[in-house]
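The values are calculated or read from the model by the stated rules, or taken from the named source; none is laboratory data. Quick caveat: nothing in here was measured; it's all calculated off a predicted structure. As a convention, Cβ positions derive from the backbone with ideal geometry for all residues, glycine included, and neighbour counts pool all protein chains shown.
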Amino acid sequence: MTSLNYPGPLDDGVVGVRPWRDTDLACVEQASRDPDIPRGTTVPAQYTPEAGLAYIARQHARLTSGQGLSMAVVDHRTDEAVGHINLMLRPQPGVAGIGYWLVPAVRRRGIGSRAIALMTGWGIGQFARIEAWVEPHNVASQRVLELNGYLLEGRLRSFLTFGDRRADVLVYSRIATA
Ligand SMILES: CC(C)(COP(=O)(O)OP(=O)(O)OC[C@H]1O[C@@H](n2cnc3c(N)ncnc32)[C@H](O)[C@@H]1OP(=O)(O)O)[C@@H](O)C(=O)NCCC(=O)NCCS
């Protein structure tokens, strides 16, 4: 990948992926109330409009600092933000990590699978490999990856930290040549 930029419109007629906007604060507020999202992301655990706007600014800074792309998942019909999806550059050339969350109210409607399909479809033309790190108990996340052709490669023991807890992760990947 020579230069990092937001993709053009990603939309399958039901779900879209677009850059975050300052008007997406309601989505950040709902995410901050989820018991898990603030633990593994920079979504503020204590929501205020200022903290929400800072979160959105951080997502744009991922692009300007060359760390990766961090975008909103939206309802195609209303353009309302309902979640987040990112592709972050790993240290290895041509490798990106995918991450995602949805606000609890819209889960189990196929939106996560669709968003991952859109981001992967675009990203696999830009990167040789897209990988995901998932905690073993996170069945929903494993399922959406499997539905999108990601293969389980193995388990990294004591790989991530969440506060003072260390966690194993399962590694999934899609590669451009398969
Ligand atoms: C992971 C996540 C994005 C999945 O998105 P989603 O829109 O709810 O998932 P989908 O509706 O597309 O479901 C896809 C499949 O997973 C299954 N699934 C979804 N949630 C599930 C759950 N909690 N338990 C078991 N299976 C689940 C669905 O049944 C579906 O399978 P099917 O097609 O065989 O019926 C969402 O659960 C989420 O935001 N979780 C919290 C944040 C998180 O864990 N992020 C990933 C960190 S690695």
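Residues checked against (1) of a type in the set (D, E, K, R); (2) touching an Asp or Glu at 6+ places or on another chain (Cβ under 8 Å); (3) buried (at least 18 other Cβ atoms within 10 Å of the Cβ):
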{"site": "Tyr6", "(1), (2), (3)": "no, no, no"}
{"site": "Val15", "(1), (2), (3)": "no, yes, yes"}
{"site": "Pro19", "(1), (2), (3)": "no, no, no"}
{"site": "Gln30", "(1), (2), (3)": "no, no, yes"}
{"site": "Pro35", "(1), (2), (3)": "no, no, no"}
{"site": "Arg39", "(1), (2), (3)": "yes, no, no"}
{"site": "Ala45", "(1), (2), (3)": "no, no, no"}
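Among the residues of the range 129-174, those that are of a type in the set (Phe, Trp, Tyr) and more than 22 Å from Arg108 (Cα to Cα) comprise Phe159, Phe162.
Flag: Gly163 matches the condition of being more than 14 Å from the ligand (Cβ to nearest atom) and of a type outside the set (A, V, I, L, M, F, W, C).
Look at Arg90 and say whether it is of a type in the set (D, E, K, R) and under 20 Å from Val139 (Cβ atoms). It is false that Arg90 is of a type in the set (D, E, K, R) and under 20 Å from Val139 (Cβ atoms). Criterion applied to Gly112, Gly99 was being near the ligand (Cβ under 7 Å from one of its atoms), touching a helix residue (DSSP H, G or I) at 6+ places or on another chain (Cβ under 7 Å) and under 23 Å from Arg62 (Cβ atoms), and the one residue passing it is Gly112. Pairing each residue of the range 115-138 that is among the small types (Gly, Ala, Ser) with any residue that is modelled with pLDDT under 95, provided the two are 6+ apart or on different chains, yields C-beta distances under 9 Å for Ala128/Thr177. Are any residues in the range 64-96 within 14 Å of the chain's Cα centre (by Cα) and away from the ligand (no atom under 16 Å from the Cβ), and if so, which ones? Once the filter is applied, which keeps residues that are within 14 Å of the chain's Cα centre (by Cα) and away from the ligand (no atom under 16 Å from the Cβ), the range 64-96 yields Gln67, Leu69, Leu89. Here Ala61, Ala105 are screened, and the one residue that is among the aliphatic types (A, V, I, L, M), surrounded by fewer than 14 Cβ atoms within 10 Å (Cβ to Cβ), within 14 Å of the ligand (Cβ to nearest atom) and outside any strand (DSSP E or B) is Ala105.
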